[in-house]
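First up is the structure itself, then whatever we jot down about it.
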Amino acid sequence: MPALSTIIWVGIGVVGGYILWKSGIGMLRSFTTPLPPPPPAGEMRKINVRYRCSVCGLELKMTLAPDEDPPPPRHCLEDMDLVAPVFE
């Protein structure tokens, strides 16, 4: 008859294997979900635009805006300058 510690270790192994199996299946199923539809006009859209303040040098990255070409924000009472991306 096996020792009690062997039975406990086998039980822990079975439970750990079950958890790994279920998490792996869940991850594979998440790859098959379709992308959400694009937002309607007027809602926030994802963008990647960088601005720099010409007075103090503060840099800002804008990631959401209501349209594709948002107006520049103001800092130090001046409009910020658009920073061209290095690689695109």
Enter the angle in degrees (range 0 to 90, nearest 10) between the Cα long axis of helix 4-31 and the first principal axis of the Cα atoms of the chain, meaning the one along which they spread out most.
30
Between GLY57, GLY42, GLY16, find the one with the highest GNM mean-square fluctuation for the chain; connect C-alpha pairs within less than 10 Å.
GLY16
Charge dipole (the chain, unit charges on Cβ, about Cα centre) - positive-most of LEU35, SER54, HIS75:
LEU35
Among MET62, MET27, MET44, residue whose mean-square fluctuation peaks in a GNM of the chain (springs only between Cα atoms under 10 Å):
MET27
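No lab work stands behind these numbers, since they all come straight from the coordinates. Because the structure is a prediction, the values reported are computed rather than measured. Cβ coordinates were reconstructed from backbone atoms using ideal geometry, including for glycine residues, and neighbour counts include every protein chain displayed.
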